[in-house]
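Single-structure report; data block below.
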Amino acid sequence: MPLYLTRCLFQVDAILVKREYIRLISSGFLHASWGHLFFNMLALYLFGELMANFLGPINFLLLYFASLIGADLLSLFIHKNHGSYSAIGASGAVSGVLLGYVALFPYNDIGFIFLPFISFPAWIWGLAYVLISIYGIGSQRGNIGHDAHLGGGI
């Protein structure tokens, strides 16, 4: 594992025991793969400009970084007894932007990028996103940070 990744990833013991709180931010700038980065940046591209224009640049940045920290704090709470647990990615921050959009524009339609003829009101999409995240936290399947998605959205 590259040294920068070791020093910057979200890792429970490093945060709670060594008090390396910068990891709550730095982990959001690392991604596990090009696909992971692509989907986070695609979602940010699709919703970020509208949200930044609506909120203004300062409030948008506050939303983004508060969501990033909120994602990591929920992950930290859930995994506080799993010292070796680690995670990376901007998914929590992007989830905050997405669910911020849902909160501000609940009746706008959101479609599927690969199935553009199917769309739902944003509030239905947001409810499904939250329920899937809660289910994912409970099932702990795959290598997806559902707790970060939920924490960022909250």
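The values are calculated or read from the model by the stated rules, or taken from the named source; none is laboratory data. No experiment lies behind these values; they were computed from the predicted model shown. Methodologically, a virtual Cβ is constructed for each residue, glycine included, from the backbone with ideal geometry; neighbour enumeration extends over all protein chains shown. Only protein heavy atoms, including side chains, enter the accessible area calculation; ligands, DNA and RNA are left aside. Shrake-Rupley method; radii C 1.70, N 1.55, O 1.52, S 1.80 Å.
Considering only residues of region 119-134 that are β-branched (Val, Ile, Thr) and open to solvent by 50 Å² or more (accessible area, probe 1.4 Å), which is modelled with the highest pLDDT?
So in region 119-134, the residues β-branched (Val, Ile, Thr) come out as 124, 130, 132, 134.
Subset that is open to solvent by 50 Å² or more (accessible area, probe 1.4 Å): 124, 132, 134.
On the way: 124: 96, 132: 92, 134: 93.
Going through the qualifying residues, I end up with 124.
So, in region 14-30, how many residues would count as being open to solvent by 30 Å² or more (accessible area, probe 1.4 Å) and at negative phi?
8
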Report task. Residue by residue through region 56-72, note down the ones that are in contact (Cβ under 8 Å) with a residue 40 or more places away in the chain and under 23 Å from residue 104 (Cβ atoms). Result -> 65, 67, 68, 69, 70, 71
Report summary line: Among the residues of region 89-142, the number that are free of Cβ contacts under 8 Å to residues at least 12 places away in the same chain and aliphatic (A, V, I, L, M) is 6
Query - Among (1) without any contact (Cβ under 8 Å) to a residue 40 or more places away in the chain; (2) surrounded by 13 or more Cβ atoms within 10 Å (Cβ to Cβ) - the single one residue 11 does not satisfy - result: (1)
Report summary line: Out of (1) surrounded by 18 or more Cβ atoms within 10 Å (Cβ to Cβ); (2) hydrophobic (A, V, I, L, M, F, W, C); (3) more than 24 Å from residue 131 (Cβ to Cβ); (4) at pLDDT 95 or above, the one residue 88 does not meet is (4)
**Report entry** Unique match (being open to solvent by 70 Å² or more (accessible area, probe 1.4 Å) and either touching an Asp or Glu at 6+ places or on another chain (Cβ under 9 Å) or farther than 13 Å from residue 148 by Cβ (or both)) among 64, 45
**Finding:** 45
Query raised in the report: Across region 135-149, what is the total count of residues that are in a helix (DSSP H, G or I), surrounded by fewer than 19 Cβ atoms within 10 Å (Cβ to Cβ) and of a type in the set (Gly, Ala, Ser)?
Result: 3
